[in-house]
1. When region 77-112 is examined, which residues are found to be among the aliphatic types (A, V, I, L, M) and near the ligand (Cβ under 10 Å from one of its atoms)?
2. Could you please find all residues in region 125-157 being touching a Ser or Thr at 6+ places or on another chain (Cβ under 7 Å) and among the hydroxyl-bearing types (Ser, Thr, Tyr)?
3. Out of region 186-204, which residues are touching a residue at least 12 places away in the same chain (Cβ under 8 Å), out of contact with any Leu (no Cβ under 8 Å at 6 or more places or on another chain) and assigned to a loop (DSSP other than H, G, I, E, B)?
4. Residues Phe196, Phe183, Phe236, Phe250: which one is under 19 Å from Gly148 (Cβ atoms), more than 19 Å from the chain's Cα centre (by Cα) and not β-branched (Val, Ile, Thr)?
5. Would you say Glu51 is at pLDDT 95 or above, under 29 Å from Leu172 (Cα atoms) and more than 13 Å from the ligand (Cβ to nearest atom)?
6. Counting only residues that are more than 13 Å from the ligand (Cβ to nearest atom) and of a type in the set (Gly, Ala, Ser), how many does region 193-241 have?
7. Of the numbered conditions (1) of a type in the set (Gly, Ala, Ser); (2) in a loop (DSSP other than H, G, I, E, B); (3) closer than 18 Å to Lys10 by Cβ, Gly97 satisfies every one except a single condition; which is it?
Amino acid sequence: MTELDYFKEKICIVTGANSGIGYALSEELLKRGAVVYMAGRNPEKIQKATEKLSKYSDRIHEVIVDVTIQKQVQKAIEDVAEEAGRLDFLFNNAGVGGTLQYEKATLDDWKTIIDVNLWSVIYGVHAAVPIMLKQGSGHIVNTSSVAGIVPMPFQALYSLTKFGVTGLTESLRYEYAEKGLHFSTVCPANIATPIFKKSIDGTVHDHVKIPDDAIPPKIASKLILNKLVEKQGIIFVPEELEQFWHGYVFKKLEDHLLTMAHERRESYAEKGNYM
Ligand SMILES: NC(=O)c1ccc[n+]([C@@H]2O[C@H](COP(=O)([O-])OP(=O)(O)OC[C@H]3O[C@@H](n4cnc5c(N)ncnc54)[C@H](OP(=O)(O)O)[C@@H]3O)[C@@H](O)[C@H]2O)c1
């Protein structure tokens, strides 16, 4: 079986599917023959996204779910498994960014980012594991970040949530390995999506630039799916990110991270944002 037909007829749920990485993953899964339940909280946005992929309409389903509401997540996942007869892949991808000065963060910011980035994943895992255990198969793919393996300055809130996602996913990967369940943590560096322009509360800042080194989501999604075929635990996007992580683990990034902190502090003082 090749990387291209591995996903054929697989039943997949992708959260945050109307935008960025979630949209690109949905498109790539559809190209590879999967049945994709594209989940989003805003019916209009999800409809717009599925319309763009209408050539795959016989294999696309729309799911409206706010990932911060446990009952909605539970019902959405159970409904898909019942309708489709099984659940092969759950992509807990929805999330918000959060690069800001720690002293500017309100407790509401903390609550929101933990709800969207961490509780959402816990809710998804909670609903999907019993279904997959019953099947004796299934793969849960949780989106963390480079900030979920290397703590980035001015991203304390975001890093907290993403380290949580990495820890949860890696721990379960070992716990369920003998049960036929697979877990992967996706750790992207900069991917060119609208996330850079949004604050935690959803405000859009059009003037904020997407970083020049950001990778197109289409390229990221292909790499992610290829690594899922290999059942890779932590998926680095791009692959060279693994070396960066080793640098942190072996304490070789001290100067780099201190310089980054200094530059971000100056940028906030000058422009009010970090780029
Ligand atoms: N882009 C990067 O550089 C990068 C790097 C590392 C990690 N990541 C992670 O990758 C994932 C996808 O982000 P992205 O870059 O593709 O950003 P994006 O284009 O902004 O997409 C985020 C998605 O999450 C959805 N979402 C947010 N809150 C939600 C909620 N309460 N319920 C349901 N859906 C919700 C958004 O829906 P709405 O459109 O309705 O808001 C949107 O579809 C996130 O977990 C992010 O942390 C991204």
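1. Ala94, Val96
2. Within region 125-157, Ser144 is the sole residue that qualifies.
3. Asn190, Ala192, Thr193, Asp201, Gly202
4. Values: Phe196 fails: more than 19 Å from the chain's Cα centre (by Cα); Phe183 fails: more than 19 Å from the chain's Cα centre (by Cα); Phe236 fails: more than 19 Å from the chain's Cα centre (by Cα).
Every option except Phe250 fails the conditions.
5. No: the conditions fail for Glu51.
6. 1
7. (3)
To keep it simple, each residue is scored yes or no on (1) modelled with pLDDT of 95 or more; (2) of a type in the set (Val, Ile, Thr); (3) over 21 Å from Tyr23 (Cβ atoms).
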{"residue": "Gly138", "(1), (2), (3)": "yes, no, yes"}
{"residue": "Ser144", "(1), (2), (3)": "yes, no, no"}
{"residue": "Leu172", "(1), (2), (3)": "yes, no, yes"}
{"residue": "Ala177", "(1), (2), (3)": "yes, no, yes"}
{"residue": "His207", "(1), (2), (3)": "no, no, yes"}
{"residue": "Lys218", "(1), (2), (3)": "yes, no, no"}
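The values are calculated or read from the model by the stated rules, or taken from the named source; none is laboratory data. Just so it is clear, the model here is predicted, and its values are computed rather than measured. Neighbour counts run over all protein chains shown; Cβ positions are idealised from the backbone, glycine included.
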